[in-house]
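What follows is a set of notes on a single structure, which appears directly below.
Readers should treat all values here as calculations from the given coordinates under stated rules, not as data from a laboratory. Remember, it's a predicted structure, so these values are computed and weren't measured experimentally. Every residue, glycine among them, receives a Cβ derived from its backbone with ideal geometry; neighbour counts consider all protein chains shown.
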Amino acid sequence: MTLAPERPTIAPTEPHHVGSTHASTRHHSGSSRLRNEAPAAAPAAYRKGGRPNPIAHLTPAQIEAIGVELDAIQKEVMDSRGAKDAAYIRRVIKVQRSLELGSRAVLLFSGVKVKGIRPAWWIGTAGLGLAKILENMEIGHNVMHGQWDWMRDPKIHSTAWEWDNASPSSQWKRTHNQMHHTFTNVIGRDNDLGYGIMRVDEDQRWSLFHLFQPIWHVGNALLFEYGIAAYDLELGGYMAKRKRMTPEAKAEWRAEAMKTVHKIRAQMTKDYVVHPTMALPFGGPANAVHTLTANVVANLMRNLWTNTVIICGHFPKGIETFEVAGIDNETRGEWYLRQMLGSGNISGSKAMHVMTGNLSHQIEHHLWPDMPSNRYAEVAPKVRELMERHGLKYVSGPLLTQAASVYVKVVELSLPNKVPGRRRRDMIRLAAKKAWRTRSLGRFS
């Protein structure tokens, strides 16, 4: 469950025919780890790694007062949810489905040329890509967070929704809702910090593998849904530990792996077999090939956009990371501070916010992951004013600026940290020699 402050003022509700409690109760049921009393001492001026503590200027009383103020903002919105909010998500779902169906219908004629171009291919591909983005971001991600469970609609409920993505919803909810949102930007606990293949913070250990992370990053962006599927399955952990796992643990992992395989097969069959086959009567094999390429490009569009939005939420310059020791016995106010300082927003138009699934309001989303996404714009100015009033940095910027900041960081952190008196190339050379010696010894042992 997402670890967050308890909010007993919000009564749990159950959807019709779906046995699950309200998202706010469900997501926050792990909050017994939080301390409700104020910490005994003021925050340290520096963290263990030597970097300044961004909350060192706050007193324990101020930290808890911030939590109380944020609780009040949350309660005001959650108590006012109603018909207007329900109409919003139903309208978005209707638009998305109409856009997808219309685009797929247009793509039945994707091979038809008009004055040397194929207008149906371009229009259908763009529409299908937008429909996939909308389904993943504003609908799937937010429905599975339980943002709309209060409607008690069994068709729009976190326990029932299965999205258009390679990762099964049950696995994604475990790694995202339960792990990432609980341990936001905590090095060693939040595996979303680089997804196990990238180094995105100086305090993360460097290895020769990271020299190639600019390549991994681009490849991961293009195939993002499959990278997330492997990540949600914890494939890397399984490969590293499988020799030490019990037969029961292996069987359990393989059962989960089969769920992922079946999901990927279903997605590929739909996009790369069924729809191209449906295009055959309207233009023969060539038309089917054009429909196939349109589906490939639409999925690439979705993957690139989703990856770009997500990396802008936690990796740009100015966003903080945290140590495991620093979250022991966290108070409500301290948890809130970690969510705000460990997240960053994207500025832009209302249309852009919708297409990002309102993850352009990442700070507000991490404060209240179960708040309806259409309400984040309403609370964002209040959160910003609160943070600036208390001398806390509210990280926000245009999409291109935030994304460029991440790409620069990915390149910089592919190299070892700068050490006075030592050249990076010498450190790389020494690491390569050590790795070679270790491999040689292992080969002949």
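Just a few scattered comments:
- The order of the peptides 84-94, 126-136, 401-411 by mean Cβ neighbours within 10 Å, most packed first, is 126-136, 401-411, 84-94.
- Computed [θ] at 222 nm, helices only, for the chain once each DSSP H run of length n ≥ 4 contributes -39500 (n - 2.57): -16000 deg cm²/dmol
- Springs join every pair of Cα atoms under 10 Å in this Gaussian network model of the chain, and among E162, E364, E334 the largest mean-square fluctuation is at E162.
- Exposure proxy shown here: for Y231, Y238, the number of other Cβ atoms within 10 Å sets the order, fewest to most, as Y238, Y231.
- Computed from point charges on the beta carbon alone (+1 for Lys and Arg, -1 for Asp and Glu), the dipole magnitude for the chain about its Cα centre is near 2020 Debye.
- Calculated FRET efficiency for the pair L300/S207, C-beta based, R₀ 25 Å, to 0.05: 0.25
- Inter-label distance, V261 to R424: 4.2 nm, where each label sits 7 Å from its Cα along the C-beta direction.
- Dipole axis of region 23-400 (+1 Lys, Arg; -1 Asp, Glu on Cβ), positive-most option in P119, N358, W161: P119
- With q set to 0.06, 0.10, 0.13 Å⁻¹, the log10 of I(q)/I(0) for the chain, from the Debye formula over equal scatterers at the Cα positions, is -0.29, -0.80, -1.27.
- Span from the region 238-256 Cα centroid across to the region 310-349 one, whole angstrom: 33 Å
- Candidates P416, P247, P369, ranked by Gaussian network fluctuation over the chain, Cα under 10 Å, top entry: P247
- Kirkwood-Stokes translational diffusion coefficient of region 250-381, alpha-carbon pairs, 25 °C, 0.890 mPa s, µm²/s: 133 µm²/s
- Of the cross-linked pairs K173/K259; K84/K132; K241/K433; K94/K270; K94/K132, those separated by over 18 Å at the C-alpha level are K84/K132; K241/K433; K94/K270.
- Sites E378 and R437, calculated FRET efficiency, Cβ-Cβ separation with R0 45 Å, nearest 0.05: 0.15
- Likely footprinting exposure, F212, F282, fewest C-beta neighbours within 10 Å first: F212, F282
- The chain: most fluctuating residue of H314, H361, H290 per GNM, C-alpha cutoff 10 Å: H290
- Restricting region 208-268 to trypsin sites (Lys or Arg not before Pro) in coil, as DSSP defines it, with at most 13 other Cβ within 10 Å: none
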